[in-house]
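Below is one structure, written out as structure tokens; the observations come after it.
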Amino acid sequence: MRTRAILSGFLFVAVLAIPGCLYTFQAGAGLPSHVRTVAVVPFDNETDRFDLAQQIHEAIFQEVPRAFGVRTASEADADAIIRGTVRRYAVDAPSYRSAPGGGAQVLERAVAISMEIQVVDQTRQMILWENRSLSVRGQFLEGQELEEVGRNLAIEQIVRDIINGLQSNW
């Protein structure tokens, strides 16, 4: 009798636990379920770095579809479109120290990129996510690394910000 009660209790707990294991949380999971294709249109570029918009485009084109399990498509056929404008590109020196003789010794530089970006659901004609003042920085060591290192880090941050923005869009 006692064994039967213990077995019944165990079975009851197991039945309650199984649905909990199958539960998945969907809110904020990224793109709506009807979005199966995405187009990344070429970005406008207001900087003097002519290849910058293309580099950003390629990074987004590679990573965003992979992050959300969607396919790429042409602008006319896509369920969603990613578009934007690169507004600013600058290299500055956020880290320096006083040098003997009164000057400054730069220790670290940073690439700063500012842009406007928008992800639009073409099916429902609504903005899924946008940031009109996305600003990122990619730091690189003065004298040890090239500006390209900072630029690549900044572009990686742009992609992360888009993915995070879409995932947290409730």
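The values are calculated or read from the model by the stated rules, or taken from the named source; none is laboratory data. These numbers come from a predicted model, not from an experiment. Glycine gets a Cβ as well: all are built from the backbone with ideal geometry, and neighbour counts include every protein chain shown.
Structure data summary
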{"read-out": "Within region 43-160, strands (runs of 3 or more DSSP E) holding 1 or more residues that are hydroxyl-bearing (Ser, Thr, Tyr) and either at pLDDT below 95 or in contact with a helix residue (DSSP H, G or I) (Cβ under 6 Å, 6 or more places away or on another chain) (or both)", "value": "80-98"}
{"read-out": "The listed residue being farther than 24 Å from Val35 by Cα, of a type outside the set (Gly, Ala, Ser), in contact (Cβ under 8 Å) with a residue 60 or more places away in the chain and out of contact with any Ser or Thr (no Cβ under 8 Å at 6 or more places or on another chain), out of Arg97, Arg151", "value": "Arg151"}
{"read-out": "Hits in region 111-148 (condition: free of Cβ contacts under 8 Å to residues at least 24 places away in the same chain, acidic (Asp, Glu) and over 19 Å from Tyr89 (Cα atoms))", "value": "Glu130"}
{"read-out": "All positions within region 117-170 that are out of contact with any Gly (no Cβ under 7 Å at 6 or more places or on another chain) and polar (S, T, N, Q)", "value": "Gln122, Thr123, Gln125, Ser133, Ser135, Gln144, Asn164"}
